[in-house]
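The values are calculated or read from the model by the stated rules, or taken from the named source; none is laboratory data. Not measured: the values here are computed from a predicted model. So basically every Cβ, Gly included, is an ideal-geometry build from the backbone, and we count neighbours across all protein chains shown.
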Amino acid sequence: MKSKVRALAPALLASCLAGAASIAHAADTIKVGILHSLSGTMAISETTLKDTMLMLIEEQNKKGGLLGKKLEPVVVDPASNWPLFAEKARELLEKDKVAATFGCWTSVSRKSVLPVFEELNGLLFYPVQYEAEESSKNVFYTGAAPNQQAIPAVDYLMNEVGVKRWVLAGTDYVYPRTTNKLLEAYLKAKGVAAKDIMINYTPFGHSDWQSIVSDIKKFGSAGKKTAVVSTINGDANVPFYKELGNQGISAEDIPVVAFSVGEEELSGIDTKPLVGHLAAWNYFQSVDSEANEDFIKAWKKFIKNDKRVTNDPMEAHYIGFNMWVKAVEKAGTTDPAAVQEAIIGVAVPNLSGGYSAMMPNHHITKPVLIGEIQEDGQFETVWQTSGLVVGDAWSDFLPGSKDIISDWRRPLSCGNYNVKTGKCSGQNY
Amino acid sequence: MGASQFFWGRTTVAVLRFMLLGLLVVAPLSQASDNPTFDQGVELLKARSFNTKTDGVDKIAASGHPAAAQVLVYLLKSDLYFRESDQRLVYGQRDGRNYHISDALTSEDLGTVNKRELDKIKTNNRLRAHIRSTIATLNLTSPDAAVRLAGVSQLLDKPDPDAVDIVRRQLDQESDKTVAEAMRTVLALEDIKSEDKNTALGAIEQLSGSLLPAARNGLQRIADNSTDKDRKRAAAKALSAIQTKLQMNELAETLFFGLSLGSVLVLAAIGLAITFGVMGVINMAHGELIMLGAYTTYIVQLLMPNHIDLSLFVAIPAAFVVSGLVGIGIERGVIRFLYGRPLETLLATFGISLILQQLVRTGISAQNVAVENPSWMSGSLEINAVLSLTYNRLYIIVFALIVFAALLVILKKTALGLQVRAVSQNRPMARAMGVRSAWVDAMTFGLGSGIAGVAGVALSQLTNVGPNLGQAYIIDSFMVVVFGGVGNLWGTLVAGMSLGVVNKFLEPWAGAVLAKILVLVFIILFIQKRPRGLFPQKGRAAEG
């Protein structure tokens with residue numbers, strides 16, 4: 001019998017090498033899906049996150065893996081194509097049977113994969129700041145909700161800079177529109193008159209900012225301190241700041257606080273026109289803590305490039321990955337249902353020297369930092385919240401969502417519970 | 001912002017440096033003395049709130065402590081720290097990973113320490129602006145006109161009665177015209193609040209026609225709040241005079257914006273006007289040829305990091321050669337097999353565009369790269385307080401016109417141009433006359449591609465340089481060429497400029513997104529009516 005098997009083995013190997021190997025593999029590894037665009041427009045931001053995940057998995061494997069098994073990354077490329085995100089997500093869950101997926105950047109890509117993760121009961125860790133108004137059983141939002149980024153930034157400008165007039169400038173898509181609607185409601189609740197708020201939208205990749213900057217300049221010359229709250233998306237920022245500089249508007253005249261400009265974006269541009277302008281994040285590479293120093297060192301070593309920077313979504317993946325690891329250890333299995341239950345309440349160190357915890361609404365606690373852009377493309381923290389801020393899935397400032405809460409613990413187990421009517425909307429998000 | 005636009009730009013740095021030097025000289029160094037106001041002020045700097053810190057700065061400035069000015073200057077430069085061990089106020093200079101510190105009051109050398117042992121006193125925009133203005137108002141009597149102007153300009157934004165008195169005394173001796181004008185505005189702004197009616201009316205008269213935002217705001221306050229009818233009427237009249245002037249300036253500004261947007265469109269489209277317009281090749285990789293030009297600028301700047309100001313002059317010919325050669329390669333390698341088959345050409349060149357993009361993405365970086373602006377391209381030319389033309393846009397308008405003129409000369413006055421026109425009008429006849437049509441095709445395509453590369457150099461100064469740069473301009477380029485009339489260079493110029501101007505006039509009331517849509521709808525309708533564009537080609541060539 002034995003010899004027969006031996007005799008058969010080469011034939012078997014030759015005929016179905018790939019199949020056999022993958023079955024053998026699946027038995028002693030835990031697969032982790034990485035769903036980030038490696039080509040197309042979003043590759044600029046998402047490639048870094050793929051590398052971050054590979055580094056985190058490698059480090060975890062060096063520590064002995066998880067539940068005695070090695071972690072195995074499964075990288076797919078959804079190519080900045082939103083429908084392809086859903087297809088690739090299905091592939092990860094059905095074919096590769098990943099235990100958890102880390103991925104997506106734009107809100108539209110997240111919305112595209114959401115039904116897939118809910119249908120197949122997968123786990124998605126989403127690392128980017130977003131507009132909230134969502135809470136899915138299957139998604140863990142490790143990036144900032146508006147109350148962890150936009151609202152504190154506005155508070156800072158209002159209280160510490162004395163801003164009286166507001167320009168809300170954004171790229172024309174869902175994140176800026178929702179955020180600006182929320183900020184407008186918030187500003188009005190704080191007593192800002194409608195004529196002191198200017199809202200402006202521009203197309204993706206807008207590069208001709210002359211008229212808009214000139215309008216901002218006029219808007220800001222009414223004798224009241226003016227600031228720009230920018231939800232302008234990555235690429236369009238450089239020409240915007242250049243135009244501000246060229247038209248003679250300095251950060252001291254009209255400061256711009258941005259929610260999409262981080263170290264990574266700054267590393268590709270001439271930073272001179274941006275110096276002194278602001279950004280609000282939950283992490284800066286310049287944060288002074290032991291954990292951060294180790295993380296930066298490990299990153300530079302892993303990517304083999306001393307010039308690469310770290311940024312906020314990378315920290316979000318760091319936190320999310322460690323939370324998942326801890327939850328799996330706590331549950332003793334990678335079964336999504338068990339992990340969903342175990343992960344709530346899990347707290348892991350973040351990179352700014354504190355601990356972040358997973359809340360029942362699948363959002364996490366984070367500090368909020370306001371930084372000024374420096375010549376070297378780094379941020380100097382000028383202000384930060386005194387404690388951690390809990391991510392709010394449903395904003396308290398929008399009429400449609402202020403009565404809604406999300407709590408995925410039993411017995412409520414609802415992401416969309418209306419406290420007034422006492423009903424769960426039934427939809428999963 | 002406000003009146004500080006008087007000295008925005010490059011002079012700011014020079015002015016500041018001068019102020020700092022002046023202060024350092026007047027502040028003799030001495031041991032810390034018993035000065036409770038100063039100590040309170042320093043104590044307030046430890047607060048987290050910037051409002052409290054601002055109070056601290058005011059206390060320090062008012063304390064009369066001999067080291068006060070020096071401490072403020074250190075704070076302005078963000079070089080002021082508390083030493084954690086004894087809360088001593090120190091001045092720190094970065095020295096590698098450590099800091100070299102000295103006592104902020106006595107300048108006593110305290111050695112080198114790790115940054116963990118220091119607490120930085122953080123400043124923000126507003127605090128720095130406050131410190132700057134505190135320092136500036138002390139400089140109204142400075143011998144340097146630029147410094148005086150800075151000081152006066154600060155007063156326009158934040159009037160300070162004591163300083164206004166100094167201005168009143170200084171005005172007679174003021175020799176510099178600009179500074180005197182600013183001083184008169186400051187005084188007028190103070191006088192419109194005067195009890196004396198004649199003084200107030202005189203001041204309103206003085207402010208009438210001034211384009212400074214501070215003047216406008218001051219008048220608006222009188223027009224809104226004054227209880228006296230005469231004053232109210234005078235202010236309203238002055239305001240309407242200002243309004244008329246403002247509108248004129250706004251019109252001029254919008255026109256400039258339109259022309260500059262138009263010149264970008266012309267630059268991006270003019271290479272296509274040759275490859276598509278003259279040769280009839282639908283080149284979807286045109287945008288990527290522009291991108292290659294922009295990347296050439298980046299590489300030129302990498303090679304000559306110390307001569308950024310000159311880099312563009314090297315980059316222009318370099319980009320022409322690089323994109324031109326790639327263009328010739330595309331023509332010889334792919335397009336020449338596909339003449340007369342527009343659909344295949346479209347697909348093939350679209351494929352080439354994807355290949356070029358991915359080559360740059362893997363070869364250089366998926367990230368955008370930093371192309372620096374030469375110093376002569378930054379800043380703006382100030383016509384008056386509300387109208388300023390940015391230098392980079394001015395240069396690009398001029399550059400677009402030069403490129404256009406050069407192309408026109410090549411096509412109309414050179415042998416190559418003659419052959420190009422001959423081949424495009426009647427290929428068999430041109431061949432019969434001994435024109436090597438294959439060679440002419442390659443040269444024409446190379447010329448169009450090279451011009452695209454040159455456009456890339458100009459665009460690198462305005463927008464991001466990344467793998468996706470080309471995609472942003474390909475649609476606009478086709479739009480301009482089709483609108484202008486295929487095969488007509490003048491059409492491209494007129495179409496580009498008019499689309500730019502129309503876009504900019506629509507933008508203020510329709511918004512950037514809608515303006516673009518409106519322009520597209522307009523072009524669709526226009527093409528329905530006149531399928532051959534603004535300047536259709538006439539004669540037999542048009543039929544072929």
Note: among B:Gly293, B:Gly262, B:Gly258, B:Gly287, just one is touching a Ser or Thr at 6+ places or on another chain (Cβ under 6 Å), at pLDDT 90 or above, assigned to a helix (DSSP H, G or I) and within 30 Å of B:Gly470 (Cβ to Cβ), namely B:Gly293
Would you mention how many residues in region A:222-264 are under 21 Å from the mean Cα position of the chain (by Cα) and small (Gly, Ala, Ser)?
6
Restricted to region A:334-360, and to residues that are farther than 20 Å from A:Ala145 by Cα, small (Gly, Ala, Ser) and free of Cβ contacts under 8 Å to residues at least 24 places away in the same chain, which residue is surrounded by the most Cβ atoms within 10 Å (Cβ to Cβ)?
A:Ala342
Looking at the structure I just gave you, is A:Val128 over 30 Å from B:Thr123 (Cα atoms) and of a type in the set (Val, Ile, Thr)?
no
Evaluate region B:178-199: report whether one residue or more is under 22 Å from B:Asn384 (Cα atoms) and touching a Lys or Arg at 6+ places or on another chain (Cβ under 8 Å).
yes
Residues located in region A:202-237, provided they are in a strand (DSSP E or B) and either of a type in the set (Asp, Glu) or more than 7 Å from chain B (Cβ to nearest Cβ) (or both):
A:Thr226, A:Ala227, A:Val228, A:Val229, A:Ser230, A:Thr231
Counting only residues that are outside any helix (DSSP H, G or I) and in contact (Cβ under 8 Å) with a residue 12 or more places away in the chain, which one in region B:212-255 is surrounded by the fewest Cβ atoms within 10 Å (Cβ to Cβ)?
B:Asp228
Assess whether B:Arg97 counts as being assigned by TED's automatic domain parsing to the domain that holds B:Ala182 and modelled with pLDDT under 85.
no
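Regarding A:Ala280, is this residue facing chain B (nearest Cβ under 10 Å), small (Gly, Ala, Ser) and surrounded by 23 or more Cβ atoms within 10 Å (Cβ to Cβ)?
Judged against the criteria, A:Ala280 is not a match.
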Members of region B:31-81 that are touching a Phe, Trp or Tyr at 6+ places or on another chain (Cβ under 7 Å) and within 14 Å of another protein chain (Cβ to nearest Cβ):
B:Asp79, B:Leu80
Per the filter on region B:169-203, residues within 16 Å of B:Ala215 (Cβ to Cβ), outside any helix (DSSP H, G or I) and of a type in the set (Gly, Ala, Ser) are B:Ser194
Just to be sure I understand, how many residues within region A:283-320 are free of Cβ contacts under 8 Å to residues at least 60 places away in the same chain, buried (at least 23 other Cβ atoms within 10 Å of the Cβ) and under 24 Å from B:Arg361 (Cα atoms)?
1
Condition test on A:Gly191, is it over 27 Å from B:Ser260 (Cα atoms), more than 22 Å from the chain's Cα centre (by Cα) and within 8 Å of chain B (Cβ to nearest Cβ)?
no
Among the residues of region A:260-274, the number that are more than 10 Å from every other protein chain (Cβ to nearest Cβ) and either charged (D, E, K, R) or surrounded by fewer than 24 Cβ atoms within 10 Å (Cβ to Cβ) (or both) is 2
Is it true that some residue in region B:408-429 is within 14 Å of another protein chain (Cβ to nearest Cβ) and either over 23 Å from A:Lys242 (Cβ atoms) or among the hydrophobic types (A, V, I, L, M, F, W, C) (or both)?
no
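What about A:Val128, is it within 14 Å of chain B (Cβ to nearest Cβ) and not in a helix (DSSP H, G or I)?
It is false that A:Val128 is within 14 Å of chain B (Cβ to nearest Cβ) and not in a helix (DSSP H, G or I).
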Out of B:Leu219, B:Leu246, B:Leu212, report the one residue that is touching a Phe, Trp or Tyr at 6+ places or on another chain (Cβ under 9 Å), within 14 Å of chain A (Cβ to nearest Cβ) and closer than 23 Å to B:Ser153 by Cα.
B:Leu212
